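The values are calculated or read from the model by the stated rules, or taken from the named source; none is laboratory data. Just so we're clear, the structure is a prediction, and the values are computed from it rather than from any experiment. No Cβ is skipped: glycine too gets one built from the backbone with ideal geometry, and neighbour counts run over all protein chains shown.
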Amino acid sequence: MSSQHLSLEQVESLTVQALTGAGASPDSASSMAKAVRAAERDGIPSHGLLYVPTYCEHVRCGKVDGNANPDVSTTLSSALLVDAKTGFAHPAIEAGFKALIPLVKANGCAGMTVRNSYNCGVLGYHVEQLAEAGLVAIGFTNSPASIAPSGGNKPVIGTNPFAMAVPNSEGGAKFVLDQSASVVAKSEIMMRAREGHSIPEGWALDANGNPTTDPEVALKGSMAPSGGYKGFGTGLMVEVMAAALSGAMLGIQASPFSGTGGGPPKTGQCFLALDPNAYSGPAFNERITALTEAINSQEGARLPGARRMENRKRIDIEGVHVSDSLLEKIKSYCV
């Protein structure tokens, strides 16, 4: 398959052009483009340029309001509510974080929920921004139902990831933990379905609850929960935090993130942030350093997110290769 080389700057620029061409506002397009660039930089193509045609398609069909202006409100001194207004999740989260960070600095901790939202992409991307502000951050996001409960065969919750970012003392993240309730993200199966590739056994189940290696069959069945009933339990926790607490649509009510049917999914997110200085002070960095060194000192061991950090160093220099067919599809939306 022939491909072309793009720098990360070109990835971001192309995404802006495609989204504005599809009808999104410059602000929304810019927010999404930064996230697409970050996904490519981290070596996560399933949430990078590969997703841009879907974003554009959803703007055009009305599944996402590309011109939405999120509404940020405060109910209590440490509680923020963000209404994404059926627009993209990224600009809504971005707007909320501008208010959340000062609240955490003033109160020691604060929470933020987002409703009437959409697929927020790589959840770790968002919590890492809070870690860069010196905060310990935990994020939750729900998604359309794709995981059946243990003993059942009808999906009730989505792949529902949660993420945690821990700050270092240099304005960055010491590590970022980002994992879903399923064995893999649903986007990984969707990517293989588009490419005509099979999936490993253990990733998903068919509509009758049997293992399958066919991605098309998997998308009509159920994602396999990570760790069996424990994975479903994790996803259920995320559903409470991201959907019930925010007032967003439950996974059983949300329209699919793929395709054009069903209208806006109106899913939700929740973020909790804590200022270490309000609790353990300097001891926090000491403890985190000791903890991470206990992991890194072991041969073959790695911190969560370490592979992404390695990818950044390489891709910052090398850029990425994008198939001609994908580039052609993205450019078809550019004005």
### Task
Can you tell me which residue among GLY231, GLY247, GLY261 is without any contact (Cβ under 8 Å) to a residue 40 or more places away in the chain and over 17 Å from the mean Cα position of the chain (by Cα)?
GLY261
### Query
Does ALA24 qualify as being in the same structural domain as LYS329 (by TED's automatic domain parsing) and outside any helix (DSSP H, G or I)?
yes
### Query
For ALA163, are the conditions met, namely being in contact (Cβ under 8 Å) with a residue 24 or more places away in the chain, closer than 26 Å to LEU100 by Cα and not in a loop (DSSP other than H, G, I, E, B)?
yes
### Summary
Of the residues in the range 319-334, those that are in a helix (DSSP H, G or I) and of a type outside the set (Val, Ile, Thr) come to ASP324, SER325, LEU326, LEU327, GLU328, LYS329, LYS331
## Note on the structure
When (1) in contact with a strand residue (DSSP E or B) (Cβ under 8 Å, 6 or more places away or on another chain); (2) within 27 Å of ALA244 (Cα to Cα); (3) of a type in the set (Asp, Glu) are applied to GLU188, the one that fails is (1)
### Task
Could you list all residues from the range 175-223 that are of a type in the set (D, E, K, R), modelled with pLDDT under 90 and in contact with a Leu (Cβ under 9 Å, 6 or more places away or on another chain)?
LYS186, ARG194
### Query
Mind checking which residues of the range 225-253 are crowded, with 24+ Cβ neighbours inside 10 Å and in a loop (DSSP other than H, G, I, E, B)?
SER246, ALA248, GLY251
### Summary
Residue pairs qualifying under the 8 Å Cβ cut-off, at least six apart or on distinct chains, with the first in the range 133-153 being under 14 Å from ASN210 (Cα atoms) and the second being polar (S, T, N, Q) and modelled with pLDDT of 95 or more, are ILE147/ASN160
### Query
When SER25 is evaluated against the numbered criteria (1) within 22 Å of ALA95 (Cβ to Cβ); (2) touching a helix residue (DSSP H, G or I) at 6+ places or on another chain (Cβ under 7 Å); (3) among the polar types (S, T, N, Q), which criterion, by number, is the only one it fails?
(2)
### Task
Sort out which residues of the range 251-275 are within 23 Å of VAL59 (Cβ to Cβ) and aliphatic (A, V, I, L, M), and write them in order of number.
ALA254
#### Entry: GLU201, sole failed condition from (1) loosely packed, with under 14 Cβ neighbours inside 10 Å; (2) charged (D, E, K, R); (3) in the same structural domain as GLY96 (by TED's automatic domain parsing)
(3)
### Query
Do we have SER46 as surrounded by fewer than 17 Cβ atoms within 10 Å (Cβ to Cβ), at pLDDT below 95 and not acidic (Asp, Glu) here?
no
### Task
Select from the range 117-162 the residues that are over 16 Å from the mean Cα position of the chain (by Cα) and at positive phi and write down the one among them that is surrounded by the most Cβ atoms within 10 Å (Cβ to Cβ).
GLY134
